[in-house]
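The values are calculated or read from the model by the stated rules, or taken from the named source; none is laboratory data. In this text, all values refer to a predicted model and were calculated from it rather than measured experimentally. Every residue, glycine among them, receives a Cβ derived from its backbone with ideal geometry; neighbour counts consider all protein chains shown.
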């Protein structure tokens with residue numbers, strides 16, 4: 001549990017009327033160095049933000065705001081199992097269609113089995129077998 005507590009950071013995103021308590025889970029990777037994931041409590045989902053914009057707007061929770069930590073963690077834990085980070089989505093190759101081997105009888109493809117077989121020698125002239 002201690003490792004999990006260290007990977008979660010609880011803070012507040014100062015964005016005017018759109019400001020919200022947020023959680024940064026350091027184990028989530030966007031696959032891009034210039035973006036980060038934050039759980040936005042107001043929106044109730046994990047959102048990808050540009051680091052250069054969002055990091056200057058993040059702050060620690062005040063003492064008065066600490067009472068929402070348990071609710072934030074519960075809300076985060078309810079959406080986290082269904083969230084797949086972009087980096088993980090890329091690492092999984094798309095499913096490949098399996099080809100089916102089909103055994104065909106000569107009659108199934110319309111070949112006449114009564115036709116004589118021609119054996120071509122190296123010079124290309126056909127000699128009936």
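Structure summary
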{"quantity": "Tabulated pairs, segment 21-35, first at negative phi, second part of a loop (DSSP other than H, G, I, E, B), C-beta under 6 angstrom, 6+ apart or interchain", "calculated": "21/41; 28/85; 29/85"}
{"quantity": "Candidates 16, 44, filtered to the one that is out of contact with any strand residue (DSSP E or B) (no Cβ under 8 Å at 6 or more places or on another chain) and at pLDDT 95 or above", "calculated": "44"}
{"quantity": "Strands (runs of 3 or more DSSP E) lying entirely in segment 1-67 (those with 2 or more residues that are more than 20 Å from residue 78 (Cβ to Cβ) and under 27 Å from the mean Cα position of the chain (by Cα))", "calculated": "35-40, 45-50"}
{"quantity": "Residue count, segment 16-29 (criterion: more than 15 Å from residue 45 (Cα to Cα) and surrounded by 14 or more Cβ atoms within 10 Å (Cβ to Cβ))", "calculated": "1"}
